[in-house]
Amino acid sequence: GVQSQRVAATAKHFVCNDSEFERMTISSEVSERALREIYLPPFEAAVKEAGTWAVMSSYNRINGTHACNNADLLTTILKDEWGFDGLVMSDWWGTRSTIRAANAGLDLEMPGPGHHFGARLNESVASGQVSGAVVDGMASRLLRLLDRTGAFDDPAEPGPEEANDRREDRLLIRAAAADSMVLLRNERAMLPLDPVRAGLIAVIGPNAAELSVQGGGSARVEPHHVRPVVDAIRDRVGRGVKVEFEPGCEIHRRTPVLERGLRGDVTVDYFANAGFEGTPVLTQSARRMELRWLGEPVPGVGGQFSVRATGTFQADGTGQHRLSLVSAGLSRLLVDGDVVLDNWTSQTPGRSFYDGGSAEVAEDIAFVAGRAHEVVLEYASGGPLGIRGAVVGCKPPGEPDLMERAVALAARADLVIVVAGSNGEWEAEGSDRVSMHLPGDQDDLIRRVVAANPETVVVVNAGSPTAMPWADDVPAVLQVWYPGQEGGDAITDVLFGDREPGGRLPTTFPVQAEDAPSHLTYPGERGRVVYGDDIFVGYRGYEKRKLAPRFPFGFGLSYTSIEFGAVTLDRVLAAVNDDVTVSIDVRNTGQRRGSEVVQVYVRDVESTLLRPEKELKGFAKVVLDPGEERTVEITLSPRSFAAWDPERHGWFTEPGEFEILVGASSADIRGMAGLRIE
């Protein structure tokens, strides 16, 4: 789809970039078999089935060798074995050498200008350490990418980015968000909700007012808008139902970015020098006091520049407000002309800007509600291009009784909707999560709210599995992930039954972090992380240890009921190179339109190699009207029955008996058929 618009899709990060801990240097110690069976197949599918035009190498080392220098991966497997003819680029500043990277199969150093692949590459060719044929190959791959993307058709520089906010796009995003949501619990058929039965709906939780629509770091772009869930609920139920909101607690990991209280946009002036001299070369506007640049902030303005961002701040309440400042570069914050935060004359290194920025400096400042103040952020940068910027934070005076007010509201409400979760401060590029529990006091908040009112729905707005120690006490739980800019309306659509919760879990939800198969060896030591779970990742590991998760892989409930028929195969005896087609009839026995994800697992009954209890090898989503029946067919390729044999260094299907298991999750198998391979 992307490439149909002559935009190259890039599969990343190749490979085993599964942790942010020491991500630039750590060595992922992984067996040949686990590499082939678990970590390489997604990239193989992207190359051989989807035809991706680019692949990005990861930062980390794989079994001691940096990905950009790894000829076994970049050339032997990717280019020679899989036939990849596209471009291999490094992650940003992820090129670690000149000679080794070029000879290993890296085609492009990112970002420019080249450090390893500039003059140093010329010198390496001149000295004979990199052959002309290698450089010819690098150039031809780059030219092929330019041709595929149409760069030769219009050699002019690309025009400015466009922000097209179209109604049809909003509707598509909204539908896709609902299709991704997973209904984890629905006791007493509590969902979908009937607003007619509720005189007062309590909406509780920090994410109800500040919905997290995306993760942090490279996961973040600027949305056109973000609608709070509580506002979407009010519009959905109408004036006949009262809706009241309480946050219950706070979950900020850092001081929130200064946005609330700004009157109008921030004016951002750019200067082509480090001292704010002369006329600005460019003036832009920003919604918040957050400035980030990757490379040149303004065309033609590179190593030496300065920025002055000016806005008007008006506090909503009287009291001590905590102002903070972090930057990659020199920065200071002025309020009404006085410097209140100095990150300019002295600076302490910190974890901001992917460990390339300063520690936070902060100060409590007294503001009076309604009084306007001029706030000015001044920033100056020098030195090489990279990730640079500055962020101003502002935390209003805290309210000590947030949880008590939320519990009191829940107790007098007819229905409670708790919107809990995480945000891009906790789930972001550059750092791993510190816990599987929801940030702040949210677990305690949920326990107390459901104790006060059992008619409680919990919406989990997080991008990864969370512990959910309260799950058995809550009648309805809806996992909504990070649902994008239309998420507020999409969540409301699902809660009130205007749309089906169409997602199924793509990962196992453990009861606790200690249950995860990788727990014993994460995050590693002395620059190495051993993939101790080997091929027993996720549900494979739980089943091997007979350990029940909180919610199994592939799980998700529906607002209707889907019945599975018998499993049939197009053959019961197959050769090792045969495809096998699995057929199963599915019928909607409920009263409304709904969906199911039919999942096909394969079990090798007896093997000389250690194998999981079963492995997912195919799936298909089917949408059915009430009473509708359809036959779902899923074809299994010969690879579906094979394992990687380290002694043969190849895929091997061991003749014998196999079981084809069909179900609605890894723990909910509805039917089985036997197959013999000779």
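The values are calculated or read from the model by the stated rules, or taken from the named source; none is laboratory data. The model shown is predicted, which means the values in this text are computed figures rather than measured ones. Please note: Cβ atoms are built from the backbone with ideal geometry, for glycine as well, and neighbour counts cover all protein chains shown. Just so you know, the surface numbers come from the protein's heavy atoms only, side chains and all, with ligands and any DNA or RNA stripped out. Shrake-Rupley method; radii C 1.70, N 1.55, O 1.52, S 1.80 Å.
I'm checking my understanding of the structure. Among residues of segment 319-340 that are over 33 Å from the mean Cα position of the chain (by Cα) and not aliphatic (A, V, I, L, M), which one is least open to solvent (accessible area, probe 1.4 Å)?
Gly319
Within segment 476-508, track down each residue that is open to solvent by less than 10 Å² (accessible area, probe 1.4 Å) and either aromatic (Phe, Trp, Tyr) or more than 19 Å from Ala462 (Cβ to Cβ) (or both).
none
Criterion first (free of Cβ contacts under 8 Å to residues at least 40 places away in the same chain and either in contact with a helix residue (DSSP H, G or I) (Cβ under 9 Å, 6 or more places away or on another chain) or surrounded by 19 or more Cβ atoms within 10 Å (Cβ to Cβ) (or both)) does Gly357 satisfy it?
yes
Which of the residues that make up segment 294-318 are over 24 Å from Ala274 (Cα atoms), open to solvent by 20 Å² or more (accessible area, probe 1.4 Å) and small (Gly, Ala, Ser)?
Gly317
Is it the case that segment 509-530 has a residue that's open to solvent by less than 10 Å² (accessible area, probe 1.4 Å), outside any helix (DSSP H, G or I) and at pLDDT 95 or above?
Yes, segment 509-530 contains a residue that is open to solvent by less than 10 Å² (accessible area, probe 1.4 Å), outside any helix (DSSP H, G or I) and at pLDDT 95 or above.
Among the residues of segment 407-421, write down those that are out of contact with any helix residue (DSSP H, G or I) (no Cβ under 8 Å at 6 or more places or on another chain) and crowded, with 24+ Cβ neighbours inside 10 Å.
Residue satisfying the conditions is Ala413 alone.
Having 2 or more residues that are surrounded by fewer than 17 Cβ atoms within 10 Å (Cβ to Cβ) and of a type outside the set (Phe, Trp, Tyr) is the bar; report the strands (runs of 3 or more DSSP E) wholly within segment 572-634 that clear it.
Of the strands (runs of 3 or more DSSP E) lying wholly inside segment 572-634, those with at least 2 residues that are surrounded by fewer than 17 Cβ atoms within 10 Å (Cβ to Cβ) and of a type outside the set (Phe, Trp, Tyr) span 580-588, 615-624.
Cβ-Cβ below 7 Å, separation at least six or inter-chain, first residue in segment 370-393 and more than 30 Å from Gly317 (Cα to Cα), second among the basic types (Lys, Arg) and at pLDDT below 90: which pairs?
Final answer for the pair search is Ser381/Arg388.
Among (1) within 24 Å of Leu191 (Cα to Cα); (2) under 29 Å from the mean Cα position of the chain (by Cα); (3) not hydroxyl-bearing (Ser, Thr, Tyr), where does Ala620 come up short?
The number of the failed condition is (1).
For Asp153, only one of the following conditions fails: (1) under 31 Å from the mean Cα position of the chain (by Cα); (2) open to solvent by 70 Å² or more (accessible area, probe 1.4 Å). What is its number?
Tallying (1) under 31 Å from the mean Cα position of the chain (by Cα); (2) open to solvent by 70 Å² or more (accessible area, probe 1.4 Å), Asp153 fails exactly one: (1).
Looking at Glu168, Glu162, which one is farther than 30 Å from Asp364 by Cα, modelled with pLDDT of 95 or more and of a type in the set (Asp, Glu)?
Glu168
From the set of residues in segment 98-109 that are open to solvent by 20 Å² or more (accessible area, probe 1.4 Å) and in contact (Cβ under 8 Å) with a residue 24 or more places away in the chain, which is farthest from Ser57 (Cα to Cα)?
The residue in question is Ile99.
Taking segment 264-292 as the region of interest, how many residues are part of a strand (DSSP E or B), in contact (Cβ under 8 Å) with a residue 60 or more places away in the chain and touching a Phe, Trp or Tyr at 6+ places or on another chain (Cβ under 9 Å)?
Looking only at that region, the number is 2.
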